[in-house]
């Protein structure tokens, strides 16, 4: 039960911090540029890399250490967010730099999200799996509804570089919670399913990922 609580807290904190900061960046760009093209570019930079990387993210989650695939993208996202925050604090943050950071954050989410989804069955008993997924889905929906409003309020109250520290703080806490989770690899070895060795080609793993069993 402790692992389930830690995973839920980590997932909620990470999603909340990232979502609030992402919407705050959107609002900032809209208010700063007053341009639909800039907003379109920001949306593409925030969505397209994740859509592309997540295609391979599930394969990587099956092959590599899942805890590392959750914590490392969070750490990288926090690092680039700190760099952008510092740049904007001294007046060096232009639109191009913001778009580059959005691309990096989006690519990190494409790695982290499949890894989080793949190790949930390792820490949640099968009898609780449906309930935990329902709770996570409800929390994600609530965050997606509340984040734009919270971000809009924060943009009017403080500079963007300070808002970005919200994501850094939630990432640090989330990484700490994930580090305390112990994964049981034996939970993945279920009867009737062939295991893929770590050296299996990526194309084979990708085909297996598309098979519904």
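The values are calculated or read from the model by the stated rules, or taken from the named source; none is laboratory data. These figures come from a predicted structure and were not determined experimentally. Using ideal geometry, Cβ is built from the backbone for each residue, glycine included, and neighbour counts are taken over all protein chains shown.
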Item checked: Failed condition for residue 93, given (1) free of Cβ contacts under 8 Å to residues at least 12 places away in the same chain; (2) in a loop (DSSP other than H, G, I, E, B); (3) surrounded by 13 or more Cβ atoms within 10 Å (Cβ to Cβ) -> (1)
Check: Does residue 77 satisfy the criteria of being closer than 30 Å to residue 155 by Cβ, part of a helix (DSSP H, G or I), at pLDDT 85 or above and over 17 Å from the mean Cα position of the chain (by Cα)?
Finding: no
Next item on the list: Check whether at least one residue in the stretch 156-175 is exposed (fewer than 15 other Cβ atoms within 10 Å of the Cβ), outside any helix (DSSP H, G or I) and either at pLDDT below 90 or in contact with a helix residue (DSSP H, G or I) (Cβ under 6 Å, 6 or more places away or on another chain) (or both), and report yes or no.
Entry: no
Check: Among the residues of the stretch 61-73, is there at least one that is surrounded by fewer than 20 Cβ atoms within 10 Å (Cβ to Cβ) and within 12 Å of the chain's Cα centre (by Cα)?
Finding: yes
Check: Can you tell me which residues in the stretch 58-108 are out of contact with any helix residue (DSSP H, G or I) (no Cβ under 7 Å at 6 or more places or on another chain) and closer than 16 Å to residue 14 by Cβ?
Finding: 68, 72, 79
Checklist line | Among the candidates 118, 106, residue that is at pLDDT 90 or above and either assigned to a helix (DSSP H, G or I) or in contact with a strand residue (DSSP E or B) (Cβ under 9 Å, 6 or more places away or on another chain) (or both) | finding: 106
Notebook entry, point to check: If you check every pair at least six apart or on different chains, which have Cβ atoms under 9 Å apart with a residue in the stretch 29-41 that is within 17 Å of residue 151 (Cβ to Cβ) first and a residue that is in a loop (DSSP other than H, G, I, E, B) second?
Noted result: 29/35
Next item on the list: Look at residue 113 and say whether it is surrounded by 17 or more Cβ atoms within 10 Å (Cβ to Cβ), assigned to a helix (DSSP H, G or I) and at pLDDT 90 or above.
Entry: no
Checklist line | Members of the stretch 42-59 found to be modelled with pLDDT of 90 or more and either surrounded by fewer than 18 Cβ atoms within 10 Å (Cβ to Cβ) or under 14 Å from residue 22 (Cβ atoms) (or both), listed by number | finding: 42, 43, 44, 45, 46, 47, 48, 49, 50, 51, 52
Next item on the list: Output the number of residues of the stretch 33-74 satisfying the condition of being within 28 Å of residue 159 (Cβ to Cβ) and part of a helix (DSSP H, G or I).
Entry: 18
Next item on the list: Read through the list (1) surrounded by 15 or more Cβ atoms within 10 Å (Cβ to Cβ); (2) more than 12 Å from the chain's Cα centre (by Cα); (3) in a helix (DSSP H, G or I), then give the number of the only condition that residue 129 fails.
Entry: (1)
Checklist line | Selected residue [over 30 Å from residue 29 (Cβ atoms), at pLDDT below 75 and loosely packed, with under 10 Cβ neighbours inside 10 Å] from 183, 210 | finding: 210
